[in-house]
Amino acid sequence: MKQLLTFFVIAWLVSGCGGGTQSSLPPPHVIDDGGTQSTTSDTTSSRKTQPGSTDNPQQALVIGNSHYEFSPLTNPDNDAKDMADALAQMGFDVTLKTNLNHQAMVDVLDQFGKRLRDTQAKDSVGLFYFAGHGARSGGENYLLPINNAQITTEPTLKKNAFHAKTVLARMEEDNKGMNLIVLDACRDNPYEGSRTLTRGLNRMPPPVGALIAFATKAGKTASDNSDGRNGLYTKHLLDALAGAEHQRIEDVFMQVRDSVNEDSNGTQEPWYQASLNRPFCFGGCQ
């Protein structure tokens, strides 16, 4: 029986906790699954090594959307690229995409689902990371593609944005291992007219075997940190990952929460929910 595994949020993460070390895994790499419709023509960001390989039980899809038609952002491109590098260093095979329109987001999730299905390992880990605009409507969370000029109301949000539950459901279906989602997607003013609507994202209870991390708590917005290279949340997540070898994933996200809360003077408090059925540590649990 195939044993699969699935990021995004939001954040990334680790070598399996089954007692192995990072050096025992196949060589990590950052890939692009290809396809002319998978990214906008002038903003493709990818690195290729062994494209199509599914030997590695740790697979990640990393997306960063900055070049929005309405309310562009400063850092998601950098956030995605730096996160992809960090995950590759920790043993993941990473598919990196930037500045995707709605159809491109659908396409890359389909490609990622196939990679998860083709990965055969009982200790598999799938990770989805997204940096960009996010919004909620009717208690549901949506990730915004860069062609957001047509999103002005809640009905157009539901029609033209990417439902976060789609990511979670697809990973759960295609990967029977561990699924990790990291969403740095709570920036302010995600689409025209949104100031009259509910801001921020809503909690998403994870299924068994999954962890979901958000850049800030429900109903609040996160800083794009326009004076730095990375958004505030991803900046501290990268710092935590740099020293995370052999740390349990829950400890890493607690560190990120405390660091962001302190750096923002209490205005941004990340949170995560987990229903993991086995330990998971960066670089393997000792």
*Matching residues in region 248-268 - criterion: being closer than 18 Å to Ile181 by Cα and not hydrophobic (A, V, I, L, M, F, W, C)*: Arg248, Glu250, Asp251, Gln255, Arg257
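Within region 158-175, is even one residue assigned to a loop (DSSP other than H, G, I, E, B), touching a helix residue (DSSP H, G or I) at 6+ places or on another chain (Cβ under 9 Å) and on the phi > 0 side of the Ramachandran plot? Don't jump to the end; show me each part of the working.
Initial filter on region 158-175 (assigned to a loop (DSSP other than H, G, I, E, B)): 161, 175.
Now restrict to residues that are touching a helix residue (DSSP H, G or I) at 6+ places or on another chain (Cβ under 9 Å): 161, 175.
Right, trim to on the phi > 0 side of the Ramachandran plot and you get none.
The answer is no; no qualifying residue exists.
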*Residues of region 102-128 being among the aliphatic types (A, V, I, L, M), in contact with a Gly (Cβ under 9 Å, 6 or more places away or on another chain) and under 15 Å from Val167 (Cβ atoms), which ones?*
Ala104, Val108, Leu116
*asked:* Based on this model, can you work out whether Gly52 counts as modelled with pLDDT under 95 and closer than 29 Å to Cys186 by Cα?
replied: no
*Any chance you could count how many residues in region 151-167 are under 22 Å from Tyr129 (Cα atoms), of a type in the set (S, T, N, Q) and surrounded by 15 or more Cβ atoms within 10 Å (Cβ to Cβ)?*
1
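Listed here are the residues, each with its yes/no results for (1) in a helix (DSSP H, G or I); (2) buried (at least 24 other Cβ atoms within 10 Å of the Cβ); (3) not β-branched (Val, Ile, Thr).
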position: Val94; (1), (2), (3): no, yes, no
position: Lys97; (1), (2), (3): no, yes, yes
position: Leu100; (1), (2), (3): no, yes, yes
position: Gln120; (1), (2), (3): no, no, yes
position: Phe130; (1), (2), (3): no, yes, yes
position: Arg136; (1), (2), (3): no, no, yes
position: Asn141; (1), (2), (3): no, yes, yes
position: Asn148; (1), (2), (3): no, yes, yes
*Restricting attention to region 236-243, does a residue exist that is over 17 Å from the mean Cα position of the chain (by Cα) and more than 16 Å from Phe214 (Cα to Cα)?*
yes
*Would you pick out the residues in region 117-156 that are modelled with pLDDT of 95 or more and among the aliphatic types (A, V, I, L, M)?*
Leu127, Ala131, Ile146
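The values are calculated or read from the model by the stated rules, or taken from the named source; none is laboratory data. Fair warning: this is a prediction, and the values are worked out from it, not measured in the lab. Every residue, glycine among them, receives a Cβ derived from its backbone with ideal geometry; neighbour counts consider all protein chains shown.
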